[in-house]
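S.K.: First the structure, then my questions, so here it is.
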Protein chains: 2
Amino acid sequence: MAATEASKAEIRPEKEYDVIIVGAGPAGCMADLCLTTYGFKVLHVDNRPTTTEAGRADGIQPRTLEVLRNIGAVPYEEGKAGLAKRMINQGVRVQEVSFWDPTETEKLARTSRAPSCPDFIDVVDNYTLLLHQGLIERSFLDEIESRRAFLPANKKAPAPHGNVFRPYEFETCSTDESQEYPVSATFHHGETKEQFTVRAKYLLGVDGAKSLVRRAISGGQVGDGEWQGKIRMLGDASDIIWGVMDVEAKTDFPDIMSKCLIHSRSDGSIMVIPREAGLVRLYVQLQAEAGPDGKQKHYGRDATEDICKSRARKIFEPFQLEFGKTAWFSVYQIGQRIASNYTLDHRVFLGGDATHTHSPKAGQGMNISMLDMYSLAWKLNMVEKGVASRDILLPTYEQERKSVAEELLKFDKAYSTLFSGRSPKSDQLTADATKAKARGAVDPELFIETFKKNAFFTSGCGAIYFANQLNALPDSELVKDYPKKGVFNPEGSNLTAGQRLLPGKVTRAIDANQVRIQQEVKMNGAFRIHVLAGDYDKSKSKLASFDKFLDSSSSFFNMYRPKNGVSSSIVFNTHETRHIEPERGSREPNYNPFFDFLYIFATPHTEWDIEALPYNARIYREHIYSDDIYDRRVGKDAKAALHAKYGISTDKGGIVVVRPDGYVGAVVSFDQDGFEALNAYFAGFMSGSQRASL
Amino acid sequence: MAATEASKAEIRPEKEYDVIIVGAGPAGCMADLCLTTYGFKVLHVDNRPTTTEAGRADGIQPRTLEVLRNIGAVPYEEGKAGLAKRMINQGVRVQEVSFWDPTETEKLARTSRAPSCPDFIDVVDNYTLLLHQGLIERSFLDEIESRRAFLPANKKAPAPHGNVFRPYEFETCSTDESQEYPVSATFHHGETKEQFTVRAKYLLGVDGAKSLVRRAISGGQVGDGEWQGKIRMLGDASDIIWGVMDVEAKTDFPDIMSKCLIHSRSDGSIMVIPREAGLVRLYVQLQAEAGPDGKQKHYGRDATEDICKSRARKIFEPFQLEFGKTAWFSVYQIGQRIASNYTLDHRVFLGGDATHTHSPKAGQGMNISMLDMYSLAWKLNMVEKGVASRDILLPTYEQERKSVAEELLKFDKAYSTLFSGRSPKSDQLTADATKAKARGAVDPELFIETFKKNAFFTSGCGAIYFANQLNALPDSELVKDYPKKGVFNPEGSNLTAGQRLLPGKVTRAIDANQVRIQQEVKMNGAFRIHVLAGDYDKSKSKLASFDKFLDSSSSFFNMYRPKNGVSSSIVFNTHETRHIEPERGSREPNYNPFFDFLYIFATPHTEWDIEALPYNARIYREHIYSDDIYDRRVGKDAKAALHAKYGISTDKGGIVVVRPDGYVGAVVSFDQDGFEALNAYFAGFMSGSQRASL
C-alpha cells in the first residue's frame, strides 16, 4: 500500500515514444544522448535503482574522447562542465604500459615499456582516460537533461533527471509493421511491480551480456550466459576468470601509477590500471588449474576479496603491497562471443554487451558499445526524418559495427596470446633482432608490428568500416563501376573512406581563432562537406561552379531535403546569424540541415575576404578557414599542413565528405566531375521523397 | 523593524580576522581566493548587493589565464568546472585585431590585421579571453566556497556563499601596531545601517578608483575622482570619454566577430570587441570637442545609449548596423593615474583600480588588478607563517606592482598615440619599408617593433620585475657583489629573474603523462626549485651532492621552516603518498611546505629509474620528469627541448628557482657553488626564526 502510494508521486512512462532504450549503461546513455540531440522522444529504462556507484568499465579510448568532444556540450547551468571536459577533469590519463616479468637475476623487473597510444596515431587525446563507470554515466545524464530543454513540446515527455526511469524491468517486446508505432514493449516497475505497455517506432536493447531484449527477440533457452535462438552468440566459452578490484594501495612497486602487465614466475598475472581518486584497479588472474604438484593452484569464481588480495601480494613480490579502502570488488568469467545478428527486423536493435563480450583487459568493451549506439543513432535520424533510405541505411548498422566487433575479438585473441604466460623481454623491443632471435624469443619486429597494429585498434582510431554505400572505397560498387576514373579518391589522397577524418588545426576566418577542423561541426546529424579549395586564386572559378551546382535543383543539396520545419537536430543546427547578407530580402540562405559545408583555403585568410566568396560558400561564414597552422606531423616545408596531411594538392583542391559520425564517406576531385560524383554518392543511400514520419 | 528582523537571520561578521578585504571585484576575489588557499581567516565585504550582472571589465589576457590555470581547482561538486576552464568555456577568444580606416577609394576598409598575441610570445593560451565581469566574479566565488571547506575550524567563520558579505559599506580604518590585530575597521550594512567594528592583521583596499580605503588612510579632500592626501594620484586628468555597450548587433561589417579598431573619416572611432552569448562590445569615442564648423561635434558624459548607437551607425558606414538587446551600457571618463603609494604602514594595502586607472581599451586593468592581489597574497603568507622577513618582503609588493602599473601607463599612452586618428596602413606592416616611407607614413619597422613590444606587455607576459631581493638579476645587489662569478645566471641561460618561467612540456616519470612544467606545482605558496639535471649519467654525482646539501642543517631547505603543523596552503600541499619508501621507519620524508622540488632529466625516463635517485629527490616522485617532448619553438635538433629553451646545457645542468607566483627568482649552476648560491638567495629575504603569528 505504501509502495503504491509512493509510486503515485513518481513520473510514469507515456504510451507512445519514438524510441525505447533498455539499459542505461554507457551504451544506453550514448543512445539517449544522441537521439535526444536529434529531437526524438525517448523512453529510457534501467533495472538498476541508481547509476553505477563504483568500478565496472573504466577506460575511455582516444577515439571515444574525440567523439565525446564532438558531441559537445550545451549550457546547462553556469559553472557546469561539459561532457568530455568533465570526464577528463575527473579521470586519470594512461600514457604508457609497463611490462614486468621475472628475470634471470630478479624476481620481478620491468622488462619493457610502451606508449599506450603510440605517436604514429594522429589523435589529439593520445591516452586512455580512466574513471569509474558511474562518473561516465552521470556525465551523460546531466548532458541529456540539459539537451531535453531544447526538445519541442511534442517530443518532451516528463521523465526523471537524465531521462532514465528506474528501476524498470523489461519483460518482452514484439513488432507489427502495420502499426504507426510498430514496436510494443512491456515493462514492470522493479518495486511496485506495476506493468506498462509502451509502443514505439524502435527499441534499442543495450541491456548487457545477458540481454533480456535479445532473449525476447531471439527465443531459445537460457544457457550459461548465452542463448541459441534466432540470434546465436558465436565464440569461445572461455574459462578465464578474473578478480577485479578498485582499491587504495600503498606499495614500493615503482609503476603503481602506470598501466602494468605483471607476470610472476609461478603465481599468475596481474594487470594494474591507475584510477581516479587515489585508487588503483587490479585485474587478478584466477584460473582454476592444477599446479605442478597436482593440487589446485588458482582460485576460480569462488575467490573472495581476501584471496584476490593475497594473490596480488604474492604476484607483487618482492615489492610490498598494502591495501586501504576497497571501492569495488568483483569476480567474473567472460567468454569471447559475438551475436550472429544485431537486429532481426530493423525495429528492435541490439548493441553493446548484448552483441559482443570479451575480456576486459584491453579496455575496449565500453568504447565499442558506446560507439555502436553513436553509429546507429544518426542512421535512425536520417531515416526517420525522411532523407535516407531505410532499406539501405539501417542494415549498415549491423554490417559496420559487427565487423568492428569481429576485429575486436580477433584482437582480443591476439592480445591474450601475446601476453599470456610471459611478456616481451626488453631486448625484444630493440632493433637488435639477431640477438633476440638467437635467444629463441619472439621476433621483435613482428612483435612491434603487432603491437602497433593493436595500439591503432585499441585507440579506437583503427576501427575501420568496409566498402558499402556509405564508404566510397575503391572496392565499393559505386567507385568500382564509376565511369570516370580518378574522380573518387583522386591521386595522392591520404584519406580513406570508412576511416575517421584525420585531425588538424586551421584558422577560422570569421574570428581568426585557431580551431581543430574535426571539431568544428558538432554532432548535429549532418554530413560535413569539406571543400579543400587549395590556393585562393586558383580556386575562384571552381568555387563559382560549385556555387552554381549547389543552386541547381538536381544537386544532392536540393534533392535530399527534409520536410519544411524538420531539422537534423535540436542543437548545433544553426549558422552564425549575426551577419546581414547584402542580398537579404532578395535571397535567403538556403540551408539544408543534413549538410554542413566547410571551406578551407591554402592561402592565409588575411589575403582573401569572406565577402568575395560565392553566396553558397559565404552563408557558412563561421566555417571558412585558412590552412596556415604548423603541424609537426607534416613538417615545416608544407605551407598548407592540412592539405598536405590529407594528400590534397593546393593547385587542384579536393572535396572530403565526412559522415555525421566523423568517418570519411567519400573523397572526390574539386571540379565538375567531383560535384557529380557527390550526387552519385548521396544517391546511393539518400532519399528525396521527404517521407518524414517524425 | 522588518529590516532588523530580516537581518537577524543574516550571517554577521565576527570580531577578528586575519585579513579584511574591501571590494569584491576581480581583484578582491583574487585576494580572497589566494588568502583562503593559504589558510587565512578572511572577512570579505562589498557594497554591491550582488555580483556584477553584465558588462564592465571583460578581457582576460594570456598571462592571467596561465595564473588562473595555476591557481587550479579543487573538487566542488561532481560535474562542476574548475576556475580557468569554466571561464574559458564561457568566454570567446580574440586572436586577431583588425584595423579599419577610410582609404582613397573606400569610405571604410580593412587596412591591416595583426595577431592579438603574436607567435613570438611563448604562452599556451595565445588569445584574449572575453566574458563579462560577473561571470568572472562568480567563477571565483564558487572556487572560494569550494576551498573554504578545507580551512581548519579556527579559520572558518560563517559567511555567505563565496565568503562575500553584501551590501557592506566601508567607513574607516586605523592601525595600531601594539595590538595583536593591528588593524581596526568599521563598516555598516548597506540596508540595515547596522555598524560593525572588526579587527584584523591586514586590510586590503580593492574598492575601485574612488577607493574609500584609500581616502581613509590618505586623508585629503574629495576631488573629481582623485585624492591629494598622503597618497597622491599622479597622472593626467584625461578628458577622454567613452560610451561602452554590450549589445546584440546585426551587420554586414565582416569583422564583427573580431577585435577591430575602426576610424571613420569624420565621425570618430570605435573599438569592437566580440563577446560571449552573441553580444558585441562597442567602445564609442565621445570626446566633447568642436567640429570644423565650431559647433560641438561629439557628445560628452551626457551621451545617451541612443546617441552612442547612432554614432556607432555613422562610424560603421557604409556597413549596415542594427541593434538588438542591450545587455549593458555606460558612459565614463577615465584619467591615467597611479597612486604614489600602495601602502603607508604595510598593514593596509591598496591594489587594483584604487592604485591605477587608465583607458579600458587595452583590456589591461582587470588583469593587472587581479595580479596585484595574486602577488601580495603569497608575500603576506610567507611573512605570517614566519618564514620570511616582513621588512624585506612586504615592501616588494609596492615596488614590483607599481613598476608594472607605471609600465602600463606608459604603454597606454603609446597605444593611444599609435592608434589615435589613424591606424597603420596595410603596407606599413609589410617589409617593404621603402614604399611606405616614400608615402610619408610611420616607419613600419618601428611600428612593428612597437606593436611587438606592446603585445608582449598586453599579453601580460611582458610584465617584468626589476632587481630586488626576490629577483637575482645581474644588477641585483646579491649578484653584483657575489664573490663567485658565473654561479648566478650561468652562461647561456635564457631565463631572466623577474620574468615568468617559460612554458614547456615534459614527461612525468611516475605515470608517463605529458604535462606542462609550469603547471605541475599549483599555487600553494611554495618556491619551486627546478633541478634541470641534464644527462642522467652525468648528473649522478651532482645529484648525490645536492642530496647531501639538502640534508645539511645549514641548507635553506632546513633553515627556513615554519613551526610544526604550519603549512604553506590548505590545498595542493601534499606529495604523492601512495608509495612506500624502502627506508620507511628509519627515515621519514622531510618535506618543507615552502619549497617544492622538480627534477628534470634530459635523458628519457625509460632509461633511468626513480628508485635509483637519491632520497631527497625521490620523495618528490610525482615531480620527476624527462625532457623528451618536441617543442616547435626549439626545433627538431634539440634532444631536450626544455633544457634548450631555458639555455641550460645537458652536460652541466642548472637550477631554476621559481617564486610562488611563477616568476623566475634565480638561476644558478648545478654544482656546489650553485647550492651555496641558493642559500645566499634565500637568506636575502627568508627568516629562520619561526615566528609564525598565525
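The values are calculated or read from the model by the stated rules, or taken from the named source; none is laboratory data. Computed from a prediction, not measured in an experiment: that's the story for all the values here. Virtual Cβ from ideal backbone geometry, glycine too; neighbours counted across all protein chains shown. Surface areas here come from the heavy atoms of the whole protein model, side chains and all, with no ligands, DNA or RNA. Shrake-Rupley method; radii C 1.70, N 1.55, O 1.52, S 1.80 Å.
S.K.: Counting just the residues of region B:68-81 that are within 20 Å of the chain's Cα centre (by Cα) and open to solvent by less than 40 Å² (accessible area, probe 1.4 Å), which one comes out farthest from B:M257 (Cα to Cα)?
M.R.: B:V74
S.K.: Here's something else I'd like to know. So B:S178 fits all but one of (1) more than 30 Å from A:T606 (Cα to Cα); (2) within 14 Å of another protein chain (Cβ to nearest Cβ); what number is the exception?
M.R.: Going through (1) more than 30 Å from A:T606 (Cα to Cα); (2) within 14 Å of another protein chain (Cβ to nearest Cβ) one by one, B:S178 breaks only (2).
S.K.: Further, regarding this structure: Look at B:R12 and say whether it is in contact with a Leu (Cβ under 9 Å, 6 or more places away or on another chain) and either open to solvent by 10 Å² or more (accessible area, probe 1.4 Å) or assigned to a helix (DSSP H, G or I) (or both). Walk me through how you get there before you give the answer.
M.R.: Numbers: in contact with a Leu (Cβ under 9 Å, 6 or more places away or on another chain): no; either open to solvent by 10 Å² or more (accessible area, probe 1.4 Å) or assigned to a helix (DSSP H, G or I) (or both): yes.
Answer is no for this residue.
S.K.: Which one is nearest to A:P62 (Cα to Cα), of the residues in region A:99-129 that are outside any loop (DSSP other than H, G, I, E, B) and within 11 Å of chain B (Cβ to nearest Cβ)?
M.R.: Checking each candidate, the answer is A:P115.
S.K.: Identify all residues within region B:574-590 that are away from chain A (no Cβ under 14 Å) and open to solvent by less than 60 Å² (accessible area, probe 1.4 Å); write none if there are none.
M.R.: none
S.K.: Can you run down the residue pairs with Cβ atoms below 6 Å, 6 or more apart or on separate chains, where the first is in region A:612-634 and over 11 Å from A:I600 (Cα atoms) and assigned by TED's automatic domain parsing to the domain that holds A:Q519 and the partner is among the β-branched types (V, I, T) and not in a loop (DSSP other than H, G, I, E, B)?
M.R.: That search, which allows pairs on different chains as well, returns A:R618/A:I610; A:R621/A:I610.
S.K.: From the residues in region B:190-220 that are part of a strand (DSSP E or B) and over 31 Å from the mean Cα position of the chain (by Cα), which one is surrounded by the most Cβ atoms within 10 Å (Cβ to Cβ)?
M.R.: B:F196
S.K.: Search region B:82-97 for residues that are facing another protein chain (nearest Cβ under 9 Å) and open to solvent by 40 Å² or more (accessible area, probe 1.4 Å) and pair each with any residue that is hydroxyl-bearing (S, T, Y) and in a helix (DSSP H, G or I) when their beta-carbon atoms are under 9 Å apart and the residues are at least 6 apart or on different chains.
M.R.: Listed pairs, sorted by first residue: B:Q90/B:S139.
S.K.: Starting from region B:321-336, take each residue that is closer than 9 Å to B:D246 by Cβ and list its partners that are among the polar types (S, T, N, Q) and open to solvent by 30 Å² or more (accessible area, probe 1.4 Å), counting only C-beta distances under 9 angstrom and pairs at least six apart or across chains.
M.R.: B:F329/B:T304
S.K.: So, in region B:252-262, of the ones that are out of contact with any helix residue (DSSP H, G or I) (no Cβ under 7 Å at 6 or more places or on another chain) and open to solvent by less than 10 Å² (accessible area, probe 1.4 Å), which residue ends up farthest from B:V331 (Cα to Cα)?
M.R.: Across region B:252-262, the extreme among qualifying residues is B:D255.
S.K.: Hey, another quick one. What are the residues in region B:356-387 that are outside any helix (DSSP H, G or I), in contact (Cβ under 8 Å) with a residue 60 or more places away in the chain and either within 14 Å of B:R659 (Cβ to Cβ) or touching a strand residue (DSSP E or B) at 6+ places or on another chain (Cβ under 9 Å) (or both), if any?
M.R.: B:T357, B:S359, B:G363, B:Q364, B:V387
S.K.: List the number of the failed condition for A:E143; all other conditions in (1) modelled with pLDDT under 95; (2) within 14 Å of chain B (Cβ to nearest Cβ) hold.
M.R.: Tallying (1) modelled with pLDDT under 95; (2) within 14 Å of chain B (Cβ to nearest Cβ), A:E143 fails exactly one: (1).
S.K.: Here's another thing I want to ask about it. Collect the residues in region A:450-470 that are in a loop (DSSP other than H, G, I, E, B) and either surrounded by fewer than 20 Cβ atoms within 10 Å (Cβ to Cβ) or in contact with a strand residue (DSSP E or B) (Cβ under 9 Å, 6 or more places away or on another chain) (or both), keeping them in residue-number order.
M.R.: Hits for region A:450-470 are A:S459, A:G460, A:C461, A:G462, A:A463, A:I464, A:Y465, A:F466, A:A467, A:L470.
S.K.: Follow-up. How many residues does region A:511-554 contain that are within 14 Å of another protein chain (Cβ to nearest Cβ), surrounded by fewer than 22 Cβ atoms within 10 Å (Cβ to Cβ) and either aliphatic (A, V, I, L, M) or more than 19 Å from the chain's Cα centre (by Cα) (or both)?
M.R.: The qualifying residues number 4.
S.K.: Just to be sure before I move on: is A:D661 farther than 14 Å from A:M382 by Cβ and charged (D, E, K, R) in the structure I sent?
M.R.: Spelling it out, it is not the case that A:D661 is farther than 14 Å from A:M382 by Cβ and charged (D, E, K, R).
S.K.: Would you say A:G565 is part of a loop (DSSP other than H, G, I, E, B), open to solvent by 10 Å² or more (accessible area, probe 1.4 Å) and within 14 Å of chain B (Cβ to nearest Cβ)?
M.R.: Taking the combined requirement at face value, the residue does not satisfy it.
S.K.: Starting from residues that are more than 19 Å from the chain's Cα centre (by Cα) and among the charged types (D, E, K, R), keep the ones in region B:108-141 and report whichever is most open to solvent (accessible area, probe 1.4 Å).
M.R.: B:D119
Residue-wise test of (1) at pLDDT 95 or above; (2) among the acidic types (D, E).
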{"residue": "B:P167", "(1), (2)": "yes, no"}
{"residue": "B:Q179", "(1), (2)": "yes, no"}
{"residue": "B:V183", "(1), (2)": "yes, no"}
{"residue": "B:R199", "(1), (2)": "yes, no"}
{"residue": "B:L203", "(1), (2)": "yes, no"}
{"residue": "B:D224", "(1), (2)": "no, yes"}
{"residue": "B:V244", "(1), (2)": "no, no"}
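S.K.: Could you check how many residues of region A:471-492 are open to solvent by less than 20 Å² (accessible area, probe 1.4 Å) and touching a helix residue (DSSP H, G or I) at 6+ places or on another chain (Cβ under 6 Å)?
M.R.: Counting residues in region A:471-492 that are open to solvent by less than 20 Å² (accessible area, probe 1.4 Å) and touching a helix residue (DSSP H, G or I) at 6+ places or on another chain (Cβ under 6 Å) gives 3.
S.K.: Also: From the list A:G335, A:G363, A:G324, A:G352, exactly one residue is buried (at least 24 other Cβ atoms within 10 Å of the Cβ) and touching an Asp or Glu at 6+ places or on another chain (Cβ under 8 Å). Which is it? First the steps, then the outcome.
M.R.: Numbers: A:G335 fails: buried (at least 24 other Cβ atoms within 10 Å of the Cβ); A:G363 fails: buried (at least 24 other Cβ atoms within 10 Å of the Cβ); A:G324 fails: buried (at least 24 other Cβ atoms within 10 Å of the Cβ).
None of the other options fit; the residue is A:G352.
S.K.: Go through region A:558-591 and give me each residue that's closer than 24 Å to A:V656 by Cβ and without any contact (Cβ under 8 Å) to a residue 40 or more places away in the chain.
M.R.: A:N558, A:T574, A:P589, A:N590, A:Y591
S.K.: Is at least one residue of region A:147-170 open to solvent by less than 10 Å² (accessible area, probe 1.4 Å) and among the charged types (D, E, K, R)?
M.R.: yes
S.K.: Just wondering, is there one or more residues in region A:526-534 that are part of a loop (DSSP other than H, G, I, E, B) and under 30 Å from A:G82 (Cα atoms)? If you could, list the steps in order and put the result at the bottom.
M.R.: Narrowing region A:526-534 to residues part of a loop (DSSP other than H, G, I, E, B): A:526.
Narrowing the set further to residues that are under 30 Å from A:G82 (Cα atoms) leaves A:526.
Yes.
S.K.: Does at least one position in region A:54-77 carry a residue that is of a type in the set (S, T, N, Q) and within 12 Å of chain B (Cβ to nearest Cβ)?
M.R.: Looking for residues that are of a type in the set (S, T, N, Q) and within 12 Å of chain B (Cβ to nearest Cβ), one finds none in region A:54-77, hence no.
S.K.: OK, next. Would you mind listing the strands (runs of 3 or more DSSP E) fully within region B:596-694 where at least 2 residues are away from every other protein chain (no Cβ under 14 Å) and modelled with pLDDT of 95 or more?
M.R.: Details: elements: B:624-626, B:654-658, B:664-669.
Counting at least 2 such residues, we get B:654-658, B:664-669.
S.K.: Now a separate question. Do we find that B:G688 is of a type in the set (G, A, S), at negative phi and not assigned by TED's automatic domain parsing to the domain that holds B:Y591 in this structure?
M.R.: For B:G688, the condition - of a type in the set (G, A, S), at negative phi and not assigned by TED's automatic domain parsing to the domain that holds B:Y591 - is met.
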